[in-house]
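Written out below as structure tokens is the structure these notes cover.
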Amino acid sequence: DPTMAAKELSTSWLARRRVENKILRHPTKEYLYDGVAGVLQQFLEQGDHITIWTDDYPERVATSDLGKLRKGLSSKERHRFALTHEEDKIALLPEVFDKARTHGIKNAIIVDNSETNLDQAAIAIKKTGEGINFDLALVNPKAPEIQLPACIPSEITQFSVPSIHSLTQLRKEHTGPFLWIIDFNETLMDTPAFMKGVKAAVTDTLRNRWMS
């Protein structure tokens with residue numbers, strides 16, 4: 001939490017504000033996993049909808065430059081790339097499902113690195129996901145490349161993939177627009193490396209303050 005971290009690092013109000021801004025605005029672009037933007041662009045070019053689904057601060061996604069993918073769409077198509085963020089991100093799913101039905105989406109895949117999140121998503125699907133076929137994809141770098149489902153099942157299925165790149169194979173085998181609900185931290189971004197970068201940036205900010 002940027003505010004709590006800033007309070008712990010400095011007693012000066014001005015310094016706390018500098019630290020908080022540094023944490024919130026630290027660029028995340030360089031910490032995205034290789035090829036992430038290309039995979040998302042491919043989904044958009046196939047007519048799919050993408051919702052970046054996070055319990056983190058929206059600034060983290062904003063500084064990743066993924067928003068450029070949305071800007072590359074026409075004004076009438078920009079609804080196909082969205083960001084939804086809340087500390088309890090599971091609570092956001094019913095609204096995401098409603099929007100998908102509005103746009104005629106029949107197939108959706110929720111992608112996350114947390115089994116707990118996917119288990120909770122499955123509960124939300126059973127309650128409010130009527131009319132949409134769902135898959136749950138657990139991103140686990142240690143997972144082997146596996147044979148992905150050959151068809152979209154009528155029941156919720158969960159499978160593991162080493163990265164979102166593996167999902168392009170599944171997408172090629174199907175027609176019609178998909179909805180991708182994709183987690184940000186540790187799914188699209190190397191979060192541990194990002195946190196190290198933030199720590200270094202904050203240290204520099206405080207050092208510059210003390211030396212000035």
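The values are calculated or read from the model by the stated rules, or taken from the named source; none is laboratory data. These figures come from a predicted structure and were not determined experimentally. Neighbour counts run over all protein chains shown; Cβ positions are idealised from the backbone, glycine included. Just the protein is used for accessible areas: all its heavy atoms, side chains included, with ligands, DNA and RNA removed. Shrake-Rupley method; radii C 1.70, N 1.55, O 1.52, S 1.80 Å.
With the simple model of a label 7 Å out from the Cα in the direction of the Cβ, E86 to H165 spans 3.5 nm. Accessible surface of region 14-120, 1.4 Å probe: 45 percent of it comes from carbon and sulfur atoms. Computed 3J(HN,Hα) for region 32-47, one whole-Hz value per residue from the Karplus formula 6.51 cos²θ - 1.76 cosθ + 1.60 where θ = phi - 60°, is 5, 5, 4, x, 4, 4, x, 5, 5, 4, 4, 4, 5, 5, 8, x, glycine and proline marked x. If the segment from A62 to Q41 were pulled out straight at 0.36 nm per residue, it would be longer than the present Cα-Cα gap by 5.9 nm. For K99, go through the lysines and keep the ones whose alpha-carbon is under 25 Å away, minus same-chain ones fewer than eight residues off. Of all the lysines, those that pass the test against K99 - Cα under 25 Å, at least 8 places apart if same chain - are K68, K71, K76, K89, K126, K127, K172. Counting only aspartates and glutamates at least 8 places from K142 when in the same chain, those with an alpha carbon closer than 16 Å to its own are D112, E115, E186, D190. Ordered from largest to smallest accessible area (heavy atoms of protein chains, 1.4 Å probe), the residues D98, D65 come out as D98, D65. Other residues within the sphere of radius under 11 Å centred on the Cβ of I109, judged by their own Cβ, net out at -2 (K and R +1, D and E -1).
Computed from the C-beta positions of S114 and K76 and an R0 of 30 Å, the FRET efficiency is 0.30 to the nearest 0.05. For T84, the solvent-accessible surface with a 1.4 Å probe is about 20 Å², rounded to the nearest 10.
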